[in-house]
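The values are calculated or read from the model by the stated rules, or taken from the named source; none is laboratory data. Everything numeric in this text was worked out from a predicted model, so none of it was measured. Neighbour counts run over all protein chains shown; Cβ positions are idealised from the backbone, glycine included. Just the protein is used for accessible areas: all its heavy atoms, side chains included, with ligands, DNA and RNA removed. Shrake-Rupley method; radii C 1.70, N 1.55, O 1.52, S 1.80 Å.
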Amino acid sequence: NKRATRIPTIHITAKKKITMVSIIKATPNTSKGLMLFTHKEQFVFENPIRPLKEAIETLKSEYLLGMHWGWYHENQGPVPYIDFHLAGEGTVSFREDIEAPRYTYCSRNFIPEFFIPFNCPIHRDIVTVANPVNSKNMSELIDAVRKALDRGVNLTALLLCPRPIELNGRQWDREFFLKYESILSDQEKRDIELVTPVRTEDDIYPMPFEFIPYLYNSASAFTIFTKKEGECRVISEALLTGTSVI
């Protein structure tokens with residue numbers, strides 16, 4: 001929720017830091033507040049070093065701590081210090097011996113009100129909005145585009161893929177970028193447009209959020225090729241604008 005209060009970044013190690021912590025309810029005198037972490041911060045609560053443990057215990061004196069699960073997890077064990085969990089139905093399952101309060105609210109329940117249908121010209125047949133990580137299977141999308149073009153389909157598309165400056169790490173789909181450059185001609189790239197705004201650790205959505213509904217509305221269909229997801233907010237965003245989803 002972009003309106004939520006953000007707490008300062010807490011550096012854990014040189015490689016990991018908390019960036020997605022939100023206060024969703026302040027702490028009044030009569031009750032505790034609500035502080036929400038994401039599944040990416042799960043490591044923080046498992047065997048924390050003493051200063052971090054003391055910090056977490058201080059937080060728990062003022063807040064109920066929740067964890068938002070944005071990706072599929074199965075047979076999950078306990079998460080120390082976490083009081084409740086937010087996840088779309090089917091996103092996370094816990095071991096039978098784990099009692100974990102769960103609510104089906106997740107980020108797709110807090111999509112801004114400007115994701116609505118509106119009249120605008122249809123500029124493209126398909127649009128996708130996805131980080132170019134392996135799980136999104138963007139390489140398969142390019143293969144499908146290539147097959148359609150080879151069959152004589154007059155296809156237009158916009159592939160919006162926020163990416164870091166360097167694709168360091170095994171999670172990034174480097175093959176996708178190589179395929180885009182090698183199997184599409186310069187003429188075809190004018191119709192199959194790849195846009196890669198540069199993201200940073202502090203700004204993983206480096207574009208005006210209000211612009212995204214226009215992209216959905218200006219396309220005949222939204223496509224995403226993942227085999228499994230969490231609550232997959234972009235699907236809900238596209239459906240709210242009345243755009244078909246494949």
*Only residues that are hydrophobic (A, V, I, L, M, F, W, C), surrounded by fewer than 16 Cβ atoms within 10 Å (Cβ to Cβ) and under 18 Å from residue 40 (Cα atoms): list them for the stretch 81-119, please.*
84
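Yes/no per residue for (1) small (Gly, Ala, Ser); (2) modelled with pLDDT under 90; (3) closer than 21 Å to residue 108 by Cβ; (4) touching a His at 6+ places or on another chain (Cβ under 8 Å):
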site: 22; (1), (2), (3), (4): yes, yes, yes, no
site: 28; (1), (2), (3), (4): no, yes, no, no
site: 33; (1), (2), (3), (4): yes, no, no, no
site: 40; (1), (2), (3), (4): no, yes, yes, no
site: 44; (1), (2), (3), (4): no, yes, no, no
site: 47; (1), (2), (3), (4): no, yes, no, no
site: 55; (1), (2), (3), (4): yes, no, no, no
site: 67; (1), (2), (3), (4): no, no, yes, yes
site: 70; (1), (2), (3), (4): yes, yes, yes, yes
*Out of the residues in the stretch 1-20 that are among the polar types (S, T, N, Q) and under 22 Å from residue 54 (Cβ atoms), which is modelled with the highest pLDDT?*
19
*asked:* Let me confirm something: among 181, 166, which residue is part of a loop (DSSP other than H, G, I, E, B) and loosely packed, with under 12 Cβ neighbours inside 10 Å?
replied: 166
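Residues are listed down the side, and each one gets a yes or a no for (1) at pLDDT 95 or above; (2) in a strand (DSSP E or B); (3) of a type outside the set (Asp, Glu); (4) open to solvent by 70 Å² or more (accessible area, probe 1.4 Å):
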residue	(1), (2), (3), (4)
207	no, no, yes, no
210	no, no, no, yes
221	yes, yes, yes, no
226	no, no, yes, no
235	no, no, yes, no
239	yes, no, yes, yes
_Every residue in the stretch 53-80 that is part of a loop (DSSP other than H, G, I, E, B), over 20 Å from the mean Cα position of the chain (by Cα) and surrounded by fewer than 17 Cβ atoms within 10 Å (Cβ to Cβ), please._
77, 78, 80
*Among the residues of the stretch 131-153, write down those that are touching a residue at least 12 places away in the same chain (Cβ under 8 Å) and either among the polar types (S, T, N, Q) or assigned to a loop (DSSP other than H, G, I, E, B) (or both).*
131, 132, 134, 135, 137, 139
*Identify the single condition in (1) closer than 20 Å to residue 72 by Cβ; (2) over 22 Å from the mean Cα position of the chain (by Cα); (3) surrounded by 17 or more Cβ atoms within 10 Å (Cβ to Cβ) that residue 136 does not satisfy, given that it satisfies every other one.*
(2)
